Amino acid sequence: MLAETKPNRKPVSDETRRKMSEGQLRRRGWERSQTGVLLKPCSQCRTLLEVTEENYPRDRSRWNGFYHRCKKCCSARNGIIRNPTCVICGGAVSVDVPLKKGRKRRVYPNTVCSPACKAERRKLTAFDYNLRVKYGITHADYDRMLSSQGGCCAICRCTASGAPRGGRWLVDHDHTTGAVRGLLCVRCNTGLGLFGDSSVMVQSAAEYLVSRGTEEARALID
């Protein structure tokens, strides 16, 4: 017995597809400005921003090609204040530098402004490069800071960083301004993070220990 053939469906017009697409965008919170520019809401701050590489990081895994958080919220979430400046000379870095085919575009792709700075960047070790990109300091600044602290943690004064396999000291920085405050061991750096970098919370914890009769905490308060 021959299978029944389904009736031919009416083809969807381009206008209908456009309306369907606009409806999906509205449900996601997208809007169009009076000039027709498409605006996308950041999933964290809910600010409507134009869908460009200046406002959103590229993400090829997303259906629209851009990350769901804006660049400002991404930097704040990572605890790093990122500026589009060259890690070698401090000059401005273009965010539109093309990458090789198949490579994923990052927020600030190359972190250098010229081929000469790129050659100098290749001479840096991974540790030096991370210090420059994340905290804006050099290896000499790191050594100078550790020497001024007496080669120990700035809080507990221990001489071991506590990092795996005898790793380096952790760079403590202000998560709002990005300013470097000092070098800490793993325990102290984790403790500050758990207290939300709040001096009020740390003082409250010390008073709590004093009220419970802890001699070390009483000495700290006195």
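The values are calculated or read from the model by the stated rules, or taken from the named source; none is laboratory data. The model shown is predicted, which means the values in this text are computed figures rather than measured ones. Cβ: placed from backbone, ideal geometry, glycine included. Neighbour counts: every protein chain shown.
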**Request:** Would you point out the residue of segment 178-201, among those that are hydrophobic (A, V, I, L, M, F, W, C) and surrounded by fewer than 14 Cβ atoms within 10 Å (Cβ to Cβ), that is farthest from CYS156 (Cα to Cα)?
**Result:** ALA179
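Select, from VAL12, VAL51, the only residue that is of a type in the set (A, V, I, L, M), modelled with pLDDT under 80 and out of contact with any helix residue (DSSP H, G or I) (no Cβ under 6 Å at 6 or more places or on another chain).
VAL12
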**Request:** Give the number of residues within segment 49-73 that are assigned to a loop (DSSP other than H, G, I, E, B) and of a type in the set (Lys, Arg).
**Result:** 3
**Prompt:** Got a sec? Which of GLY167, GLY162, GLY151 is surrounded by fewer than 17 Cβ atoms within 10 Å (Cβ to Cβ) and touching a helix residue (DSSP H, G or I) at 6+ places or on another chain (Cβ under 9 Å)?
**Reply:** GLY167
**Residue tally, condition under 13 Å from CYS73 (Cα atoms) and either surrounded by fewer than 13 Cβ atoms within 10 Å (Cβ to Cβ) or among the polar types (S, T, N, Q) (or both), over segment 30-44** = 2
